[in-house]
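Right, one structure below, let's go through it.
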């Protein structure tokens, strides 16, 4: 699924796409626990989270996650956006809950981690 499709499906605002709007994500993972994200070993992962801070961007960089959707109307700070741009991470902001966002993406064909 293209990042642009994710954005449209979740009514998400593209904050920092870093030329990744055509990037494909194959697997979705929903979590507010960044320690759980660090245990994943997958490619083309979309992180769906309400944890909106610098640690989320740093975790994504360490876990090789290139796309994050912040749910529940969470807004990325300017520091987060700058760090995401530096590491080539796409950030989107969705008004939906994590449950709704995950369900919509699953129904649209995004696979779960497990």
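The values are calculated or read from the model by the stated rules, or taken from the named source; none is laboratory data. Computed from a predicted structure; not experimentally measured. Using ideal geometry, Cβ is built from the backbone for each residue, glycine included, and neighbour counts are taken over all protein chains shown.
Residues in segment 64-75 that are under 22 Å from residue 100 (Cβ atoms) and in contact (Cβ under 8 Å) with a residue 24 or more places away in the chain: 65, 67, 68, 69, 70, 71, 72, 74.
Inside segment 98-114, residues that are under 13 Å from residue 9 (Cα atoms) and either without any contact (Cβ under 8 Å) to a residue 40 or more places away in the chain or surrounded by fewer than 18 Cβ atoms within 10 Å (Cβ to Cβ) (or both) make up a count of 7.
In the set (1) surrounded by fewer than 19 Cβ atoms within 10 Å (Cβ to Cβ); (2) in contact with a strand residue (DSSP E or B) (Cβ under 7 Å, 6 or more places away or on another chain), residue 91 fails one condition alone, (1). Check whether at least one residue in segment 40-49 is surrounded by fewer than 17 Cβ atoms within 10 Å (Cβ to Cβ), closer than 18 Å to residue 80 by Cβ and at pLDDT 95 or above, and report yes or no. Within segment 40-49, not a single residue is surrounded by fewer than 17 Cβ atoms within 10 Å (Cβ to Cβ), closer than 18 Å to residue 80 by Cβ and at pLDDT 95 or above. State the number of residues belonging to segment 21-34 that are over 23 Å from residue 107 (Cβ atoms) and modelled with pLDDT under 95. The total comes to 0. The condition of being touching a residue at least 24 places away in the same chain (Cβ under 8 Å), more than 14 Å from the chain's Cα centre (by Cα) and under 18 Å from residue 16 (Cβ atoms) holds for only one of 79, 93, 61, 86, that being 79.
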